[in-house]
Each structure stands twice: as structure tokens, then as C-alpha cells.
1. Out of the total accessible area of the chain (probe 1.4 Å, heavy atoms of protein only), what percent is carbon and sulfur?
2. Anyone know which of 222, 378, 276 comes out most mobile in the 10 Å Cα GNM of the chain?
3. Under a cut-off of 16 Å between alpha-carbon atoms, report the aspartates and glutamates in cross-link reach of residue 240, not counting same-chain residues fewer than 8 places apart.
4. Mean separation of Cα pairs under 8 Å and 6+ residues apart, divided by the residue count of the stretch 275-392: what relative contact order is that in percent?
5. On full extension of the chain, what length is gained from residue 129 through residue 400, given 0.36 nm per residue of separation minus the C-alpha to C-alpha distance?
6. Residue 381 to residue 354: FRET efficiency via 1/(1 + (r/R0)^6), r the Cβ-Cβ distance, R0 25 Å, to the nearest 0.05?
7. Specify the residue with the greatest mean-square fluctuation among 253, 23, 184, computed from a Gaussian network of the chain linking alpha-carbon atoms under 10 Å apart.
8. Please label the shape of the stretch 1-114 as rounded, prolate or oblate, based on the square roots a ≥ b ≥ c of the eigenvalues of the alpha-carbon gyration tensor (a/c under 1.5 means rounded; beyond that, a/b larger than b/c means prolate, else oblate).
Amino acid sequence: NRLIKAGNKDPQNTFYFAQMLINNEKWDDAAPLLEKYLQERDWDEVAQNMLKSATGYKGFMADSTMYIVKGTNINTAKSEFSPTIYRNSLVFSSSRTPAKNIFNWTGDNFLDLYQAQYFGKAELGEAEILPGMANSKYHEGGSTFSPDGNVMYFTRNNYFQGRLNKGENGLVRLKTFQAELVRNKWDNITEMPFNSEDFSVGHPSLSPDGGTIYFVSDMTGGEGGTDIWMAKKQGEGWGKPENMGPRINTPGNDMFPWVSPTGVFYFCSNGHPGLGGLDLFRVTSVGTEFEKVQNMGYPVNRARDDCAMVIDEKSGVGFFSSNRKGGKGDDDIYSFIQRQVLEGHVVDASTGKSINNAKVEIYGIKGLQTVIRTDSVGYFRYGLDRNTDYKLVGSGDHYLETQQIVSTVSFDPTVPVETLIKLEKDKSDPIYNLKGKLEADSIVN
């Protein structure tokens, strides 16, 4: 701010200032700065999407009832991130354990892999170091597991067989390694074939059938920053990596891919429009194509970095990482409960025409839960608790009140509950038609 007020003309400072304003939830202040920046650099796609974030942030908060977010008991004053559900445990990365080696960039401990018992209701047991040889004296990060649970793929600094390897410019890159479960310990560490000394490969995630591995890399041939790539299983090995393309990847950073058992593709990015920093996104896969990328919205996303999401779709319980305000440390792991989506439409019972601004009262077990209004085309959307019955009461100007029951009991949690509310005209409400004739001596332009 002082640089700009002092007349500094470097547009990059304007960009960075706008970025920091967004990260501090000052979207309205960031918008004019981004507009100024784009007058000089209209080619900057990241800034274009950041401007969409600054001017459209309220839209990302519209469905704030869809998730209930809470911190987890495994968080410490250190860093915890990149959770993965593995059998009856949650595997994650943390810098909690003091070590002789210190990471110079942060002055903190290096990251190791841990596991905590997962009870299926966002409740976790005590964290324990992952047994075996996967952890080294340097960083270990995101992990993923084969369908049978006997093979783990994980991220590590370029440290293998007791040697720390450096690439171009002396940088230590990230690599993806494979480990096998031997007598309940992770052993037989081997490198993945698409690793390199000169670019990073990390954040691996297997498809539910184990036939595709997704990962993040800054190798050449991408859209910019870090991109999400994929490789197909070929016999005992892996095929050539393929970039996920511009529908997923952006000139910014796209990271932490994860595919649910029903084929929903999750990832985080600071290149797509969002609330600030890295935001979580989802797309529903259709064969090899993808539908429109959807921002997961508030409160899963906030103005800081939100990433590395996994979800148990049956229970609706999931976990993700965030450095948002109010946490215990740098990055923390948060749990969330995905509520059942209710999608409703209010129409005139006689004509079938949509009724905008109609009132819908939603009653739960404890009485009135909320009152919402339909949008300009008669629709409304809300998050319901699972395995619960609800009463909806619809009404509108010159319409009679009507009631109906909706239920999320034994309902597929991945499919929205849809309801149509038909309102009858209130015939006792007098409506008058006015007819007349307009006369004028002249017409004035």
C-alpha cells in the first residue's frame, strides 16, 4: 500500500497488494486495483479470474448451509495437512515431531506421515507416526493407497537410499514414491517412473479402481504454475503422463487431486475464481470429459488456502486442509459434514408458471429452521440434515399457503432431493383490473 501511494509504477506490486487484500477478506477494496492492473496486463488470466473473485465473492457464499465445518482434535501448533482416509484411519502429514534437521524456509520441523484412528463420525483417535520406512529426515507429504490397501504412493523430497539429490540450480524437488505393506509396516520403497531431478512430482491420488494415478507437477507442457497430470496403469507399470487440460488446469497453481468412489473429481486451485488463495473445486466426471468446474463455496472455502479434500460419501463426513484464521497452527485439518441438498421450485398450480420471491418455511425436528425466498425464476436451494423428515410451507402474495413433507431418510446422499411446490390462487383476495385510455394533445420527443 505504501509502495503504491508513493507512486511505484510496477504493476506487479498492484497485483500482489490486491491478492493480499483478498486473502484478508477485503474483496471490495481489491477489485479496483485489479481493474487498474489489467489495464496494463489484460493478458493475465490469473488476474482476470481474481477480479471475478473480488466482484463475485457473494455468489460463493450463497449456499453456505451445504456444509458444517469444524476443526479436528489432531491439530497442533505445528502444521497438519493432506488427509487421506485409509481403512479405519486418517493418514496425514505433520511437522509436530521435533527433529535435528530444520526446514530453512520455515524454521520448522520437516513433515512426516502420521495416522489417527477414524471412527466414521469426524471423530479421530490419537495421532501416531506411520510405521515403517516411508518417513525420512526430510519432507513426506500427500499419500494415496491401492484398492486392496497394500500399496501406498506418497510425496517425499528427492531423498532416496540415504542420499539427498539436487536438480537444476541446486533445488531439491519433490518426488512420488511407492511403498508396500509388509508385516503392518511400510517398506520396499521405490521411485515412480515419471519422477525427475528437474521438476517436482507430488500429491498422488489413485482412482477408486486403482487404474489411474493423478498427481501434481510443474513439468513442461502444462498450463502454467503447477498442473494436475494423470497416468494409466499398464501391466505392472505406468503409461506416459497426460496433462488434465485447460478445463481443470489454469495458469495459476492447481493441486491436490482426489477422485471419490462415485467419480466426483476434487482439487484445489488459485487460478479458478474463488474466495481467495487456494479454493476447493469439484467436477462430475463423464467418461473422459468433465462438466463445469464448481467452486465448493463457503464455509469449506474461505479467503486463505483450502485444499486436499477427501470425503466418505456414504456418511457425508469429509476432511480438508486450511490455514484459515482461527486455527491452531499454520495448516490445520478440518472435518465437515456434507448436508443433503434440497432443490425446490415454486409454481402457480393453475398455470405452472414460476413464482419469484415466494416464501418457503422449512421446519425440522426442533421447529422452524429457516425461511428462504425463491429466486427470480422461482427456485430455491438449501442444505438438509441426513436421515431427517422436514415440513415445507410455501406461500406468496395473492396465493394460499400449502404444506408438504420431504425426507432425507434412506435417500441417496449424492443426489439432490427435488421438490415442486404448487401454490393455489387466493380467490378471496380481491384483484382489480384497470382499463383506460391515454389521451394527449401532442407528443413530446
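1. Summing carbon and sulfur atoms, their accessible area is 48 percent of the total for the chain.
2. The residue with the greatest mean-square fluctuation here is 378.
3. Within reach: 191, 218, 227.
4. The normalised contact order for the stretch 275-392 reaches 17 percent.
5. Contour length minus Cα-Cα distance gives 91.3 nm.
6. 0.95
7. Judging by the Gaussian network model, the answer is 184.
8. Cα axes put the stretch 1-114 in the oblate bin.
The values are calculated or read from the model by the stated rules, or taken from the named source; none is laboratory data. For clarity, every value in this text was computed on a predicted model and none was experimentally measured. Glycine also receives a Cβ, built like all others from the backbone with ideal geometry; neighbour counts cover every protein chain displayed. When the accessible area is computed, the model is the full protein with side chains, heavy atoms only, and any ligands, DNA or RNA have been set aside. Shrake-Rupley method; radii C 1.70, N 1.55, O 1.52, S 1.80 Å.
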